[in-house]
Amino acid sequence: MNDGQDTHRQDAADDPSALLFPSSPQPRDSIDSGGQHSSAGHWRDSSSTDRRDTFSTVHTVPGDPPVLVEPSFDEGVLRALCELDCGVPLLLDRIKQSIVSCREASLFFKKRAAIEDEYGRTLQKIVRSTSETYATNDGKAGSFVSAWQSSMRVHELMAENRLRFAQRLNEMSEELATLVKEVDKNRKQTKELGTRYERALQDSETITEKCKNRLEVTSEELERVLLQKEGESFKDTAVQSRPGAAGKRVIGKAVAKGNLLLKGKNPGNIQRQEDDIRARVSTASDQYRKAVTDTQAMRQEYFNFQLPRILRALKECADEIDLGTQYHLTRYAFLYESIVLSDGQILIPPDGDGLGLKATIETIDNRSDFKTYMQNYVYARGSGAPRGPRREGPPEDGFLPPLPTHNPEKLYRSPTSTAAPTNALNLNGMNQPGPGPGAPPHPYSQQQHSQQATPNGKDHPNGVADRGRPTFGVDLSEQMARDNVEVPLIMVKCCEAIERYGVTSQGIYRVSGTTRKVNDLRARLDKGGNMDSVDLDASEWANDINNVASVMKMWLRELPDPLLTYSLHQGFIEAAKIENDRLRQIRLHERVNDLPDPNYSTLKYFLGHLHRINQQAAENQMSMQNLAIVFGPTLFGQTLGVGNGASGTVMPDTFHQNLAIETILNHYVDIFVDEPDA
């Protein structure tokens with residue numbers, strides 16, 4: 001009887017907690033629950049992520065450690081996080097910090113983009129307004145206006161760089177903002193999934209604890225029945241606590257209470273009650289064992305698979321936002337360096353890529369500009385009524401004869417010019433434009449011509465013959481009709497020589513020749529009847545082709561009526577002011593067709609020559625814009641204005657002159673070349 005009693009007490013009274021929580025458990029290394037996942041089916045609900053394998057199927061080779069993540073992942077970091085009780089909150093807080101950092105970087109890029117965009121647009125606006133204002137105002141011309149326009153172009157390029165930089169910054173800011181949203185969304189979803197898993201495990205542990213308590217209560221009832229059946233005294237016996245009960249209760253009190261219940265019971269009733277209680281103890285024991293098994297399986301599932309997956313997902317989120325932020329910061333640094341280097345190359349271009357801002361400003365020749373201005377000023381006002389005291393007059397009025405000039409070069413007088421008025425000067429080899437339409441010839445031109453030739457028409461002592469058929473300062477149509485040609489001989493001769501020896505010369509037409517050489521070649525070519533005697537293939541001219549180019553520009557400037565004519569000047573300017581590129585081309589094409597036949601054929605030939613020069617722009621640095629800057633004022637000539645009865649100068653619209661020439665050059669084939677020729 002005692003043996004049976006001991007057996008029943010061993011089954012019912014031993015502490016069942018050892019079955020649920022063994023001392024010092026190692027759930028992450030246990031494989032006892034490998035085949036019990038089916039009993040915890042409620043763990044994997046529809047909201048959880050699909051799992052391709054379970055902890056049991058991972059062990060494909062006996063004895064190998066389980067592979068919880070792909071080899072590409074940092075398994076050491078994941079293992080360390082799994083060993084920490086605070087792995088999940090650690091990663092959640094870390095992701096939150098990374099989100100704050102990424103959001104700040106995105107805001108910085110957005111604000112920086114706004115600054116760069118405002119800077120670029122403001123700089124563009126300043127450049128455009130400055131160029132338009134300068135073109136309409138009475139500002140300096142010559143080398144200053146060329147340098148000024150080039151400097152404005154430099155600022156415009158820098159503004160374009162800043163606008164592109166701002167666009168890239170805006171794109172980076174939007175990408176970082178999108179990254180923050182996605183990572184924050186993934187963080188919340190993973191956190192919610194982990195919380196749901198933890199709550200399910202806690203609920204399972206709570207159910208296990210309830211089953212344990214139910215088993216303990218049923219076991220107490222069984223003890224009372226057994227004590228009654230043995231016939232022990234309930235009045236004086238104090239039953240001590242069972243081993244393993246941990247001092248939670250005193251059986252004697254419960255049995256004393258049970259004595260009241262069992263009082264008056266016969267042995268048959270006691271046996272039936274014992275059988276009923278034993279059945280309930282068995283049921284409670286089975287439920288408790290099942291709850292313990294399910295909880296252990298759930299715990300193994302959580303610590304061996306679900307927790308590593310959650311930690312891995314969180315670590316991937318942290319890595320994604322950290323690497324994304326670092327990538328965009330690196331990209332920002334690269335773009336910033338690139339924009340600074342680009343600005344530096346614009347300000348100081350590499351060798352052979354044109355002039356920089358400082359070099360462009362240094363090309364301003366104030367002395368030459370002043371001489372040109374003085375020449376034009378004197379020419380424009382020379383035909384008007386004299387102001388102030390008279391310089392010359394009849395001897396009877398007390399005027400003295402003029403002093404003889406012994407050194408004409410010091411007076412900057414061109415000995416061969418026939419188109420200049422009395423007080424017109426040729427300064428330092430720079431030639432004046434011819435007189436406008438209707439300007440009367442000055443008697444001094446005949447006097448000067450007579451001084452250049454010997455009385456018998458023989459050669460002058462300096463080697464220049466008498467100008468029987470002059471070339472410079474002669475009306476274009478008259479010159480071409482006289483020589484019976486479609487293109488002036490001097491233009492064909494000079495352009496062919498330039499294309500042979502100067503098409504790759506850096507700065508051709510922009511770099512001036514030597515004053516003495518230019519004047520000498522001009523005098524030789526001014527013998528229209530004997531132009532073939534001048535050999536431009538000689539080393540004297542071929543070695544420094546800039547002298548030939550300067551003579552070519554000089555001939556164009558000295559035409560009495562410029563190549564594009566005074567009468568069509570305003571029409572060209574109005575066409576150039578059209579903002580639409582296609583419409584501007586059409587209007588300029590119409591103005592070109594309005595030119596007289598000699599002017600049209602000459603312009604077609606000369607612009608074709610410039611078009612071929614531009615095809616070698618990579619070597620000679622003469623872009624369409626540079627060619628337009630050089631020949632804009634030359635082909636349009638110096639316009640004259642009359643005010644208050646006296647002649648006065650009207651500053652040319654240099655900007656639109658250059659734009660007109662540049663547009664015609666850019667569309668040379670469309671304007672001049674016929675379909676069969678093309």
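The overall shape of the range 464-599 is oblate: from the C-alpha gyration tensor, with semi-axes ordered a ≥ b ≥ c, the ratio a/c is 1.5 or greater and a/b is no larger than b/c.
Other residues lying with their Cβ under 11 Å from the Cβ of Gly142 contribute a combined charge of +1, Lys and Arg counting +1, Asp and Glu -1.
Among the GluC sites (Glu not before Pro) within the range 541-620, those in coil by DSSP and having at most 11 neighbouring Cβ atoms inside 10 Å are Glu579. Once the 1.4 Å probe is applied to the protein heavy atoms, the range 473-548 comes out at 45 Å² accessible per residue. Residues Leu107, Leu157 ordered from highest to lowest accessible area at a 1.4 Å probe: Leu107, Leu157. Ordered from highest to lowest accessible area with the whole protein assembly present and a 1.4 Å probe, Asp483, Asp319, Asp537 read as Asp537, Asp319, Asp483.
Of the cross-linked pairs Lys371/Lys527; Lys96/Lys191; Lys140/Lys358; Lys125/Lys371, those separated by over 22 Å at the C-alpha level are Lys371/Lys527; Lys125/Lys371.
Accessible surface comparison of Val630, Val225, Val669, probe 1.4 Å, protein chains only, largest first: the order is Val669, Val630, Val225.
Annotation: per residue accessible area for the range 147-190 equals 49 Å², rounded to a whole number [probe 1.4 Å, protein chains only].
The values are calculated or read from the model by the stated rules, or taken from the named source; none is laboratory data. These numbers were taken from a predicted model, which means no experiment stands behind them. Note that each Cβ is placed from the backbone with ideal geometry, even for glycine, and that neighbours are counted across all protein chains shown. Only protein heavy atoms, including side chains, enter the accessible area calculation; ligands, DNA and RNA are left aside. Shrake-Rupley method; radii C 1.70, N 1.55, O 1.52, S 1.80 Å.
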